[in-house]
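The values are calculated or read from the model by the stated rules, or taken from the named source; none is laboratory data. Keep in mind it's a predicted model, so treat the numbers as computed, not measured. Glycine also receives a Cβ, built like all others from the backbone with ideal geometry; neighbour counts cover every protein chain displayed.
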Amino acid sequence: MHILIGAGFTGLILFYSFSDGVRFLRSNFDKLLYLISCVLQKPLLLPILMPNRFRSRIAVKHISNYTVSIEQQIEVDGKMINNTKRIQPTNFLLAVQETNFLYSFTLSGFVAMSTTCTMLISNNFSDEKHGKLSIAMLVVSLIYCVYGVWISIFLYGRKVDHLK
């Protein structure tokens, strides 16, 4: 049961995370780096560490329309210095944040499901010493299982703005 839930379901979700994020990438080297990041079970790791490497085809088309400039005045040694930051859209990072969100909540939901199933199989609820603690752990695991799977399925894809 642990192998089916742990490796099977999470492997399917990890494959889906990779295939969902890779469609935004333009070069094969970026796709390979993203695959390595997914195999490390952190789809967001390499895109955050190397933001200039992962550029979306969609974001390049809309870079002039959606670029935001933020101006700040900073006081350094009694002098006011103007600081301008440019924020450019990267639709790939938004998609990867979504897949990382999906993968993380699904993984935690399946781990809680595995804990719940193990506790139900072991059936230590009638033990005088640990019976109440086992019931409390079962309830917490069951709630977290439902919460993790519900969040990953219901809220996935709500933040990604598909540029047209």
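Return the residues of the stretch 23-37 that are at pLDDT below 80 and in contact with a helix residue (DSSP H, G or I) (Cβ under 7 Å, 6 or more places away or on another chain); say none if nothing qualifies.
Listed by number, the residues that qualify are 24, 25, 26.
Here are some residues: 104, 19. Which one is closer than 25 Å to residue 148 by Cα, of a type in the set (S, T, N, Q), within 21 Å of the chain's Cα centre (by Cα) and at pLDDT 80 or above? Give the steps one after another, and end with the answer.
Working: 104 fails: at pLDDT 80 or above.
Exactly one residue qualifies, and that residue is 19.
Condition first: at pLDDT below 70 and surrounded by 12 or more Cβ atoms within 10 Å (Cβ to Cβ). Now tell me which residues in the stretch 129-164 satisfy that. Don't jump to the end; show me each part of the working.
Applying the first criterion (at pLDDT below 70) to the stretch 129-164 yields 155-164.
Residues satisfying the conditions are 155, 156, 157, 160, 163.
Give me the residue from the stretch 63-90 that is outside any strand (DSSP E or B) and surrounded by 10 or more Cβ atoms within 10 Å (Cβ to Cβ) and, out of that set, modelled with the highest pLDDT.
Filtering the stretch 63-90 for residues outside any strand (DSSP E or B) gives 63-67, 77-78, 88-90.
If we keep only those that are surrounded by 10 or more Cβ atoms within 10 Å (Cβ to Cβ) as well, we get 63, 66-67, 88-90.
Details: 63: 62, 66: 64, 67: 70, 88: 63, 89: 60, 90: 62.
Checking each candidate, the answer is 67.
For residue 15, state whether it is loosely packed, with under 14 Cβ neighbours inside 10 Å and either of a type outside the set (Lys, Arg) or part of a helix (DSSP H, G or I) (or both).
It is true that residue 15 is loosely packed, with under 14 Cβ neighbours inside 10 Å and either of a type outside the set (Lys, Arg) or part of a helix (DSSP H, G or I) (or both).
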